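Structure first, commentary second.
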Amino acid sequence: MQYISTRNSSLRKSFSEVLLGGLAPDGGLYMPLQTFRFSIDQIENLNSLTYQEITTEILHQFVSDEINKKDFENIVNNAYQVFDSKDVVNLVKLEDQRWILELFHGPTLAFKDVAMQLLGTLLDHFAQKKEIKIAVLGATSGDTGSAAISACSRYKNVEVFILYPHERITEVQRKQMTTTQATNVHVLSVQTDFDGCQAMVKQLFLDESILSNQTRFVAANSINWARCMTQSVYYFWTYLRLKEELNQMTFSIPSGNFGHAYAGWLAKEMGLPINKIFIATNSNDVLHKLFSENSYKKGKVSQTLAPSMDIAVASNFERLLFNLYKNNAEMLQTAMSSFPQNEISLPLESWKEVEDFFLSFPSSDQEILEEIKSTYEQHNYVLDPHTATGVRAAKELAQPNQSVISMATAHPAKFMEAIQQSLGEEAVEIPGQLQAIADKEEDFVILPDNIDKVREYILSSLE
């Protein structure tokens, strides 16, 4: 399978070139030239398979030119050895037609582990095959960084550089990144917000000194196609586990950078019968304004109790735009050339398709706390603040008999400030992974909001 840029359809890249890169040279995101569409019978034939086997069957199409199926199966099995749940993910029924899909059973207790662990094993595979050194580069608003570090730090041919907004993530999220004691891990606390970190990473992937370096720089963020494709699998797994009970299958997704939500759209495009996706946001509601007003524009960022959703630009929305423009790269290039200075509105025919599939709902910090308390009182289940936005969106948007699966994106113990505000001190037992890092020495560097300083630090660390 070949890959093209969202902004240049004449570009052709292999999977390994896409994996071992960041943005396309034109600033676009990589997309597969075509995607196999499964029939409902083909999907249901996967019913007896394990999560790992389903992953192999769904995703092999994206790597088949370079990795044979048996080798890919081994890569997948290696990736998911480190999860607490044998199924990788876990379903919990709250009430009739309402479920929670727990995606936080990986080593860093966040949904990012599901894709990042596979990304790490794929990187190691190609590093060995091509005999190259790899540097993973990413920005994080909380969970991506620790997931990337966990996935990649054990591989000797991989260095990891993670930028995070100084003093704008939780202590637990920071310590998960800064206490590994791994010599190939570099944590950069940058004196800006998440969007500033994200913008730096995008600029660095177009920087000649980075591109020409003998070390291959790889994107850790969900702009990397490997992450989007991997996240599509748990939509299929959920359908296969619930198909006898489902009535108009809908997913409610806490959304920041839109990679998680785009993976649901991708699953639909591959034939999965998803009826709707609810896009849940916090008070940084750029996506809510998009899906309620047909207006995509950069917002202002405020700190919230759900920091992984504190974004002003949802980078993966470009992938959805590309599909809505019927994969017309030239049309998308025109739209993106003036963004974010000018907002983007979808043409009428595309907007109708969006309206039929996506609904959105925002939650303030106070409403997040209320939802955590309400769900605990009604179901004896503790939500983290991100998941609370998804559960609340489901309550507000779903029809009474509509099947809604809310994505639980992180273990609540990672966000004890919010949990304690809502439920008090004793509601959540601290998992062993978090107890282990409480008193460990931290290792990170504070850098100014200056791309030259960040570039200098990264390149000097590789010497």
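If I ask for residues that are polar (S, T, N, Q) and under 10 Å from the mean Cα position of the chain (by Cα), which ones from region 217-263 would you list?
Taking region 217-263 first, the residues polar (S, T, N, Q) are 221-222, 224, 230-232, 238, 247-248, 250, 252, 255, 257.
Passing the criteria: Asn221, Ser222, Asn224, Thr230, Gln231, Ser255, Asn257.
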Exercise. For Leu23, all conditions in the list (1) free of Cβ contacts under 8 Å to residues at least 24 places away in the same chain; (2) crowded, with 21+ Cβ neighbours inside 10 Å hold save one; what is the number of the exception?
Worked result: (1)
Seminar exercise, completed: Given (1) touching a Phe, Trp or Tyr at 6+ places or on another chain (Cβ under 9 Å); (2) of a type outside the set (Phe, Trp, Tyr); (3) under 30 Å from Lys395 (Cα atoms); (4) loosely packed, with under 13 Cβ neighbours inside 10 Å, Ile100 misses just (4)
For this session: Filter region 244-286 for residues that are at pLDDT below 95 and under 20 Å from Met229 (Cβ atoms) and give the result.
Result: Ser255, Gly256, Asn257, Phe258, Gly259, His260
For this session: Identify, from the list Lys289, Lys298, the residue that is assigned to a loop (DSSP other than H, G, I, E, B), more than 25 Å from Gln97 (Cβ to Cβ) and at pLDDT below 95.
Result: Lys298
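If you check Asn323, Asn316, Asn328, which single one turns out to be over 24 Å from the mean Cα position of the chain (by Cα) and closer than 22 Å to Cys228 by Cα? Can you show your working first?
Working: Asn323 fails: over 24 Å from the mean Cα position of the chain (by Cα); Asn316 fails: over 24 Å from the mean Cα position of the chain (by Cα).
After applying the criteria, what remains is Asn328.
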Seminar exercise, completed: Scanning region 207-235 residue by residue, the ones that are of a type in the set (A, V, I, L, M) and assigned to a strand (DSSP E or B) total 2
Problem set entry | Check on Leu447, under 30 Å from Phe205 (Cβ atoms), surrounded by 16 or more Cβ atoms within 10 Å (Cβ to Cβ) and at pLDDT 95 or above | yes
Exercise. Are there any pairs, at least 6 apart or on different chains, whose C-beta atoms fall under 8 Å, with the first in region 291-310 and hydroxyl-bearing (Ser, Thr, Tyr) and the second in a loop (DSSP other than H, G, I, E, B) and surrounded by fewer than 17 Cβ atoms within 10 Å (Cβ to Cβ), and if so, which?
Worked result: Ser295/Glu343; Ser295/Ser345; Tyr296/Phe339; Tyr296/Glu343; Tyr296/Ser345
Exercise. Can you tell me which of Leu359, Leu346, Leu369 is surrounded by 13 or more Cβ atoms within 10 Å (Cβ to Cβ), of a type in the set (A, V, I, L, M, F, W, C) and farther than 30 Å from Pro273 by Cα?
Worked result: Leu369
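The values are calculated or read from the model by the stated rules, or taken from the named source; none is laboratory data. If you're wondering where the values come from, they're calculated on a predicted model, not measured in any experiment. Don't worry about glycine lacking a Cβ; one is built from the backbone with ideal geometry, like all the others, and counts go over all protein chains shown.
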